[in-house]
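The structure under discussion appears below in the form of C-alpha cells.
The values are calculated or read from the model by the stated rules, or taken from the named source; none is laboratory data. Because the structure is a prediction, the values reported are computed rather than measured. As a convention, Cβ positions derive from the backbone with ideal geometry for all residues, glycine included, and neighbour counts pool all protein chains shown.
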Amino acid sequence: MTPENAILTISLFAAFADGSNDDREREHIRRFAESMGDTAPELPKLYQDVLFKRVTLDGAVQTLGELGQRQFAYEMAVCVCDADGVQTAAEQAFLANLKTRLGLDGNAEASAFASQADTLAAAAAVPPPAAAPAATTATVNDAELDKSILNYSILNGALELLPQSWASVAIIPLQVKMVYRIGKAYGVELDQGHIKEFLATVGVGLTSQYLEQFGRKLLGGLLGKMAGKTAGKIGRAATGMAFSFASTYALGQVAKRYYAGGRQMSTQLLQESFQGLLGPAKQLQSQYLPQIEQRAQTLDAGQVMNLVRGGNL
C-alpha cells in the first residue's frame, strides 16, 4: 500500500466511524472512488476493503513512516469527521485512538489543527428558525442573489489554492451558509438539518465532498509538502479549484430555483439540474480565474473564520 492510499484508507475509516452514514452518502463516496479512475486505480478497491473490513487501521498506519504523512492523515480524518458538524462521541473516540496510533499524542501542530477544524465546524451552524415563521411573499433581487452565489463560488475556489489544510475545511460550511441565505431571501427559514438534507439530495455529500477535495490534492502531489518541498502551486490546485467553484455555483443556482419555485422540485429534477449546471460552471470558473487568484492572496485564517461565522463576503 502506498502512503497516498494509506492516507485515503484512514480517511475512509473516519468516514464510517460514527456508523450513521446513510445510503446516499455511501453512494457519493463510492462514486468519488470510481471517478478517480486511472489517477487512483486502487481507490475503488480501498473503498470496498474498508466498507467490508478487509483492511485494518493499523495496516494503513504502519505504511506511514514520515511524520508529515502521519500528520496529514490525521488532518484528513479530522476534516472528514467534522464534515457534518460537531463530532459524535464515536468520532471523537476514533480520532483519539487514531492520534495515538499515529504517534501524535504530544504533537502540538496536530492538536492545533484539530482545534481549528473543530471551531470552523461549530461556526458553520445556522441559527434555528423562528418557532412559528409567518408566511411571507418575498421580494427577491435576482441580480444581487446571483452576485452572492458568484462571490461564494470565487471564495471557495480561492480556498482551494491555499496550501494550508484548514482552508478546505471552510468550503462546506460556506456552502451551508449560502443555501441558508438563499432560502431566507425567498422567505424560507431553514434549519441545519434541512440544509444537510438538501445538499445530500442534490448530490453534494458532506463527507464525500471532503474526501474528494483532499483526495484530489493528495493524489495531485500534496505529499511533496510533507517531504519539505514547495506546495500550493496554482497548477497543482487547479482541479480542486474548478471542483469547488463549480459545485458551489451549481449548488447555489439549484437552491435558487428550488426555493423560488416553492420547494416543488422532485429529487430527480434536483439532481439533474445540479449535474446539468456543473459543466457550464466549470467553464465559468476559467473566466473568473483572475478574481479567484486575487482572492486567494488576501485570505488568512482569521478572515476565513469570520466568513464562516456569517461575515460579509
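Remarks
A quick yes/no check of all residues on (1) at pLDDT 65 or above; (2) in a helix (DSSP H, G or I); (3) within 26 Å of residue 200 (Cβ to Cβ):
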residue	(1), (2), (3)
29	no, yes, yes
41	no, no, no
53	yes, no, yes
69	yes, yes, no
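- Which listed residue, of 237, 246, 231, is within 17 Å of residue 291 (Cα to Cα) and at pLDDT below 75: 237
- Verdict on residue 264 being among the polar types (S, T, N, Q) and under 21 Å from the mean Cα position of the chain (by Cα): no
- Any hit, the range 263-277, residues being surrounded by fewer than 19 Cβ atoms within 10 Å (Cβ to Cβ), in contact (Cβ under 8 Å) with a residue 12 or more places away in the chain, out of contact with any helix residue (DSSP H, G or I) (no Cβ under 7 Å at 6 or more places or on another chain) and of a type outside the set (Asp, Glu): yes
- Residues (within 29 Å of residue 176 (Cα to Cα), among the hydroxyl-bearing types (Ser, Thr, Tyr) and assigned to a helix (DSSP H, G or I)) located in the range 80-111: 111
- Answer residue from the range 145-184, given it is closer than 17 Å to residue 255 by Cα and hydroxyl-bearing (Ser, Thr, Tyr) and is surrounded by the fewest Cβ atoms within 10 Å (Cβ to Cβ) among those: 148
- Restricting attention to the range 245-263, the residues that are assigned to a loop (DSSP other than H, G, I, E, B) and more than 13 Å from residue 273 (Cβ to Cβ) add up to 2.
- Hey, residue 14 buried (at least 17 other Cβ atoms within 10 Å of the Cβ), at pLDDT 85 or above and part of a helix (DSSP H, G or I) or not: yes
- Residue in the range 186-194 that is out of contact with any helix residue (DSSP H, G or I) (no Cβ under 8 Å at 6 or more places or on another chain), within 22 Å of residue 307 (Cα to Cα) and at pLDDT below 85 present: yes
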